[in-house]
Amino acid sequence: MYKLTGAYLGQDLRKIMAIGLPLVANNLSSIAINVADTRMASELGTSQLAAVAIGSGIWIALFLLGLGVIMALGPTVAQHYGAGRLEEIGHETRQSLVVGLGLSLVVFFAMRSFEPFLLHLGIDPEVSALAQEYLSALSWGVFAAYGYHTFKQMSEGVGRTIPIMVVMCTMLPVNVALNYVLMFGKLGIEPMGVAGCGLGNSISFWIMFAMLVTYSLTSQYYRSFKIFKLSSWIDWPVLRRLVSLGMPIGLSLFLQSGLFTTVALLMATLGTVAVAAHQVVLSYSGLVFMVPLGLAMALTVCVGQEIGRGDTRSAIRIGYTGLIICALVSTVASATTFFYAPVIAQLYTSDPSVIALSTHLFRLAALLQFGDGIQVAAAFVLRGLKDTRIPLMLNAVNYWGFGFVLAYVLGMSLGYGATGVWLGLSLSLCTGAILLTGRFVFLARNMQDDDSIKQTNNSLLER
């Protein structure tokens, strides 16, 4: 095992925090928009809140499926950067933009065709129609969202996360203001309701994309990458490699987000109070999840760069350090949620029935938050090692063979309703943390053994 000595621990902490804290701020700003959307939708009515909950769940599931493919760029760039292959960074970024364009076309048409499926599931026709309005308006920003995340992954891979933070923190008030104006009909604009929420987010994606592209064009730091080189925009071997690495990531994200989306649909069959309470609890859980997520994203960069430099020992050591940090952060978040559940619920809604159910679900969400923080750290460390296929299989078995089945049996078959659904969801996140951490420990031991063999062989050669 690698020992986390004081000197190395301090060094690793500084590196993770330097890259991760701007990403935490970025993530908090991003989720704050979601929280604001939830709060504004609740002012429009319970049906509108339910529509935003269902629509955003569908959007996230579809978007993450494609985003996972683009996320292959992050560890790839990190390893190129660690090895000093700077022009390869620009080349891979261009190929990722091509992938994003293809993905956006598929997601665009899928988002505009969901109402029949919602009606087939037995969801209230009014809620189904409103959810479709939200998705249709949001669909216009799909390519910009993928384009933005391509440049975001590139910037993360080279360890420059402050520009990402600046873009998102700048857009937080702009996005919220846009959504408010469009939803409630201010400044002489006709009220658009939940469609205004989708359109405001769509416009914001285009602004964010333009800001990050402009920065990449004008920054001296990125000049050596030659991102905007006019030649070699289509490189089929590189495209295949990115898709091969990224598709398991996308499927893993889709399986997890798909579980949450399916749970939201199950909750919708239990009534508007259940789905509203679910959205409240999910919105807050997403907010606190942004801290371990930001730190985990830094782990992919740190681990990937060390692998690119050929320093396996440092890569594994940083992985262990990151897991410990995320576990501690998640413990604090979990305890806060458990003890302050009634207070948190009242911040989201004034409906007594929604507050009562939300408070109860928050107790279960505390368990979910603990497992979620650890599993995401392990997942991003594995991505830094470019290990994506085995985690995909582990996630498939865990989230759907265990999590969904347990949530459905407890919530629907045995009649425990929202409590049973959330208990199944929470337990699956905890088992996910165990499985992915176990996978990392297994790889770390094998890599340590390989490293020892190489050192022994080198020693013999020197003799």
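The values are calculated or read from the model by the stated rules, or taken from the named source; none is laboratory data. Being a predicted model, the structure only gives us computed values, none of them experimental. All Cβ positions, even for glycine, are placed from backbone atoms using ideal geometry, and neighbour counts span all protein chains on display.
Annotations for the structure displayed:
- Scanning region 414-436 for residues being farther than 14 Å from Phe402 by Cα and either under 18 Å from the mean Cα position of the chain (by Cα) or not in a helix (DSSP H, G or I) (or both) gives a total of 4.
- Filtering region 165-207 to residues that are among the aromatic types (Phe, Trp, Tyr) and either touching a strand residue (DSSP E or B) at 6+ places or on another chain (Cβ under 6 Å) or more than 19 Å from Thr38 (Cβ to Cβ) (or both) leaves only Trp206.
- Some residue of region 247-267 being assigned to a loop (DSSP other than H, G, I, E, B) and of a type in the set (A, V, I, L, M): no
- For region 406-422, a residue qualifies if it is in contact with a Gly (Cβ under 8 Å, 6 or more places away or on another chain), without any contact (Cβ under 8 Å) to a residue 60 or more places away in the chain and within 16 Å of Leu265 (Cα to Cα), and the qualifying residues are Leu406, Val409, Leu410, Thr419, Gly420.
- Scope region 198-241; condition buried (at least 20 other Cβ atoms within 10 Å of the Cβ), under 21 Å from the mean Cα position of the chain (by Cα) and of a type in the set (A, V, I, L, M); matching residues: Met208, Leu212
- Count of residues meeting criterion [more than 25 Å from Phe63 (Cβ to Cβ) and either of a type in the set (Val, Ile, Thr) or part of a loop (DSSP other than H, G, I, E, B) (or both)] in region 172-200: 7
- Within region 141-152, residues that are at negative phi and without any contact (Cβ under 8 Å) to a residue 60 or more places away in the chain have Cβ atoms under 8 Å from residues that are of a type in the set (A, V, I, L, M) and part of a helix (DSSP H, G or I) in these pairs: Phe143/Leu101, counting only partners at least 6 apart in sequence or on another chain.
- Residue within region 80-88 that is surrounded by 21 or more Cβ atoms within 10 Å (Cβ to Cβ) and under 23 Å from the mean Cα position of the chain (by Cα) present: no
- Qualifying residue in region 148-158 (condition: within 17 Å of Leu49 (Cα to Cα), surrounded by 21 or more Cβ atoms within 10 Å (Cβ to Cβ) and modelled with pLDDT under 95): no
- Of note, Ile203 does not satisfy the criterion of being touching a helix residue (DSSP H, G or I) at 6+ places or on another chain (Cβ under 7 Å), modelled with pLDDT under 90 and either hydrophobic (A, V, I, L, M, F, W, C) or in a helix (DSSP H, G or I) (or both).
- Looking only at region 115-147, residues that are more than 16 Å from Val52 (Cα to Cα) and among the hydroxyl-bearing types (Ser, Thr, Tyr) come to 1 in all.
- Those residues of region 13-24 which are more than 10 Å from Leu299 (Cβ to Cβ) and either crowded, with 22+ Cβ neighbours inside 10 Å or β-branched (Val, Ile, Thr) (or both), in sequence order: Pro22, Leu23, Val24
- Yes/no for Cys169 being within 30 Å of Tyr221 (Cβ to Cβ) and either assigned to a helix (DSSP H, G or I) or touching a Pro at 6+ places or on another chain (Cβ under 6 Å) (or both): yes
- Matching entry among Met183, Met192 (being within 22 Å of Ser29 (Cβ to Cβ) and more than 22 Å from the chain's Cα centre (by Cα)): Met183
- Taking region 246-274 as the range and being of a type in the set (A, V, I, L, M) and surrounded by 21 or more Cβ atoms within 10 Å (Cβ to Cβ) as the test, the residues that pass are Ile249, Leu251, Leu253, Leu255, Leu259, Val263, Ala264, Leu266, Met267, Ala268, Ala274.
- Taken over region 350-374, the criterion of being without any contact (Cβ under 8 Å) to a residue 24 or more places away in the chain and of a type in the set (Ser, Thr, Tyr) is satisfied by Ser350, Thr359.
- Condition check for Ile60: out of contact with any His (no Cβ under 8 Å at 6 or more places or on another chain) and modelled with pLDDT of 90 or more: no
- Members of region 353-396 found to be of a type in the set (Val, Ile, Thr) and over 22 Å from Val243 (Cα atoms), listed by number: Val354, Ile355, Thr359, Ile374
- Residue match in region 319-334 (condition: among the aromatic types (Phe, Trp, Tyr), in a helix (DSSP H, G or I) and modelled with pLDDT of 90 or more): yes
- For Tyr221: the one exception among (1) out of contact with any helix residue (DSSP H, G or I) (no Cβ under 8 Å at 6 or more places or on another chain); (2) in a helix (DSSP H, G or I); (3) closer than 26 Å to Leu23 by Cα: (2)
- Residues located in region 367-402, provided they are crowded, with 21+ Cβ neighbours inside 10 Å and either more than 19 Å from the chain's Cα centre (by Cα) or not in a helix (DSSP H, G or I) (or both): Leu385, Thr388
- Residue count for region 209-235 under the criterion of being modelled with pLDDT of 85 or more, out of contact with any Gly (no Cβ under 9 Å at 6 or more places or on another chain) and not hydroxyl-bearing (Ser, Thr, Tyr): the result is 5.
- A count restricted to region 311-330 and to residues that are over 18 Å from Ala18 (Cβ atoms) and in contact (Cβ under 8 Å) with a residue 40 or more places away in the chain stands at 7.
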